[in-house]
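S.K.: Shown below is the structure under consideration.
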Amino acid sequence: MRELVIGAAQLGAINKDDSRESVVTRMLALLDQAALRGCDLVVFPELALTTFFPRWYMEDQAEVDTWFEREMPGPATQPLFDFCREHGIAISFGYAELTPEGHHFNTSILTDKTGRIVGKYRKIHLPGHVEFDTERDFQHLEKRYFEPGDLGFGVWRNLGAVMGMCICNDRRWPETWRMMGLQGVELVALGYNTPSVNSQNRTEGERERLFHSELSIQAGAYQNATWAVAVAKAGVEDGFPLMAGSIIVDPNGFVVARAETNGDELISHRCDLDACQFGKRTIFDFARHRRIEHYGLITSR
Ligand code: CDT
């Protein structure tokens, strides 16, 4: 057995005026709990350091850029990396990345147990819109503030496992999971900020949204015989509710741990990476069973 104790560190609401330092303090409190539970890896949500700023329409690029990190680690985030090294815990979290060349990405990183960044993913499926939309109850301007990721769907050997990352809306696309599945992924870390209601359809509430989220994650895990750790930024941010429901899913698609609150909360599970082998060798042995001669449309349109 190759076992890792995986923590999913859900974060509650982060309001517009909350500083990076105050959020990092909350993250460190969750990491303290994770250390007591013997976690090997702790996964935090998408855009973990700030409020979900794409709900706010901004025209001034200088103001937009205040939500982005120019370096990782930077002064505010260095304590997270110090904690990794001191306690031998790997972490993954999302943030808005502004590169030295001026590119803007919705990014997540993965470290090893010394706090060294071993993997970086830039969100590929950006939901929402570019311009202010008067038809919506609230805005979702990811297409305005971010470029589609340019790193593809990578996987990294870390802590003796093959690990991959995706971010929020990516979880709804089977191609995301299959791209990592084809590289032998055994654990997918993903964070999300999902509004509790649909800004374009008032009949779709939290129940339906949770269902669609879990449906996507459980299917992705099962169909690629991988563990999945899905972590919410939850709670009501400046009056805008985000759904909670962080889960850890096994390679058969079953939920093995689930958050119960919509605040800061750590859930964890002892995950046997070898449990991925049965599915990968049998029903989802891609080399034996896939029929790629019939899949051309997937990449041609
Ligand atoms: N952050 C993120 O990707 N949220 C989306 C909301 C979709 S509605 C525009 C999600 O898929 O959960």
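The numbers here are math on the coordinates, done by the rules we state, and not lab data. Note that the structure is predicted; figures quoted are calculated from it, not measured. When we count neighbours, we look across all protein chains shown, and the Cβ atoms used for this are built from the backbone with ideal geometry, even at glycine.
S.K.: Run through the DSSP bridge list for the stretch 51-149 and note the antiparallel percent, rounded to the nearest 5.
M.R.: Of the beta bridges lying entirely in the stretch 51-149, close to 90 percent run antiparallel.
S.K.: About the Cα centre of the stretch 109-189, what is the dipole size in debye to 20, counting +1 per Lys and Arg Cβ and -1 per Asp and Glu Cβ, all else neutral?
M.R.: 420 debye
S.K.: May I ask you to order 232-243, 283-294 by the average number of other C-beta atoms within 10 Å around their residues, highest value first?
M.R.: The packing order, highest mean first, is 232-243, 283-294.
S.K.: Something else now. With only Lys, Arg, Asp and Glu charged, each at its Cβ (+1 for the first two, -1 for the last two), find how big the charge dipole of the stretch 164-256 is about the Cα centre; round to the nearest 20 debye.
M.R.: 100 debye
S.K.: Hey, rough spin-label estimate for LEU297 and LYS143, points 7 angstrom out along Cα→Cβ, what's it come to in nanometres?
M.R.: Going from the LEU297 label point to the LYS143 one covers 2.3 nm.
S.K.: So, one more: Go through 269-275, 148-154, 59-65, 121-127 and give me the packing order, highest mean Cβ count within 10 Å leading.
M.R.: By packing density, highest mean first, the sequence is 121-127, 269-275, 148-154, 59-65.
S.K.: Which one, HIS87, VAL249, THR134, projects farthest toward the positive side of the charge dipole computed for the stretch 3-300 from Cβ point charges (K/R +1, D/E -1)?
M.R.: Of the candidates, VAL249 comes out farthest on the positive side.
S.K.: A follow-up question, please. For the cross-link pairs LYS113/LYS280; LYS123/LYS280; LYS113/LYS143; LYS123/LYS233; LYS16/LYS113; LYS143/LYS233, which exceed 23 Å when the distance is taken from alpha carbon to alpha carbon?
M.R.: LYS113/LYS280; LYS123/LYS280; LYS113/LYS143; LYS16/LYS113
S.K.: Full extension from MET1 to THR25: what is 0.36 nm times the residue separation minus their Cα-Cα distance, to one decimal in nm?
M.R.: Full extension of this stretch gives 5.2 nm more.
S.K.: What is the spread of the Cα atoms of the chain along each of their three principal axes, largest first, in whole Å?
M.R.: The Cα atoms of the chain stretch 53, 48, 40 Å along their principal axes.
S.K.: OK, next. Which one, LEU36, HIS125, TYR295, projects farthest toward the positive side of the charge dipole computed for the stretch 3-300 from Cβ point charges (K/R +1, D/E -1)?
M.R.: TYR295
S.K.: Could you give the size of the charge dipole of the chain about its Cα centre, using +1 on the Cβ of each K and R and -1 on the Cβ of each D and E, expressed in debye and rounded to the nearest 20?
M.R.: Charge dipole, the chain, about its Cα centre: 1220 debye, nearest 20.
S.K.: So if R0 is 35 Å, what FRET efficiency would ARG258 and GLU59 give, r being the distance between their Cβ atoms, rounded to the nearest 0.05?
M.R.: The formula returns an efficiency of 0.30 here.
S.K.: Here's something else I'd like to know. Would you mind telling me the antiparallel percentage of the DSSP bridges in the chain, rounded to 5?
M.R.: If we restrict to bridges inside the chain, about 65 percent are antiparallel.
S.K.: Would you mind putting 203-210, 249-256, 48-55, 139-146 in packing order, based on average other-beta-carbon counts within 10 Å, highest first?
M.R.: Descending mean neighbour count gives 48-55, 139-146, 249-256, 203-210.
S.K.: While we're here: Hey, rough spin-label estimate for ASP82 and HIS212, points 7 angstrom out along Cα→Cβ, what's it come to in nanometres?
M.R.: 4.3 nm
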